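Quick note: the coordinates plus some simple rules give every number you see, no bench work behind them. If you're wondering where the values come from, they're calculated on a predicted model, not measured in any experiment. Cβ coordinates were reconstructed from backbone atoms using ideal geometry, including for glycine residues, and neighbour counts include every protein chain displayed.
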Amino acid sequence: MEAFSVLVAQASDPDDLKNIEAAAGAGMAYGLAAIGPGIGIGYIVGKSVEAMARQPEAAGMVRTTMFLGIAFTEALALIGFVVFILLKFA
């Protein structure tokens, strides 16, 4: 946070200040967007391990479903990253 305040203090041009604020806002937005998929993936893996422990004979099917759920949940984080890139460089 101290580095951010140093950058803001050194920015004498209003355009520089606008770029710094835009980068900080976009970074914070992506950070918040990554929290949801992180929690979701943790929940999916935890429940899958629990299901495999209860029914070891269904471990293959549960594992396949778990990886599909992880892929779909991770897609949300990737969409957030693409939006971050579009906002930063558009």
The chain, helix-only ellipticity at 222 nm - DSSP H runs n ≥ 4, -39,500 (n - 2.57), divided by all residues, nearest 500: -32000 deg cm²/dmol
What is the distance, in nm, between label points placed 7 Å from the Cα along the Cα-to-Cβ direction at THR65 and at ASP15? 5.6 nm
So how tilted is helix 59-89 from the main axis of the chain? Cα-based, degrees 0 to 90, rounded to 10. 10 degrees
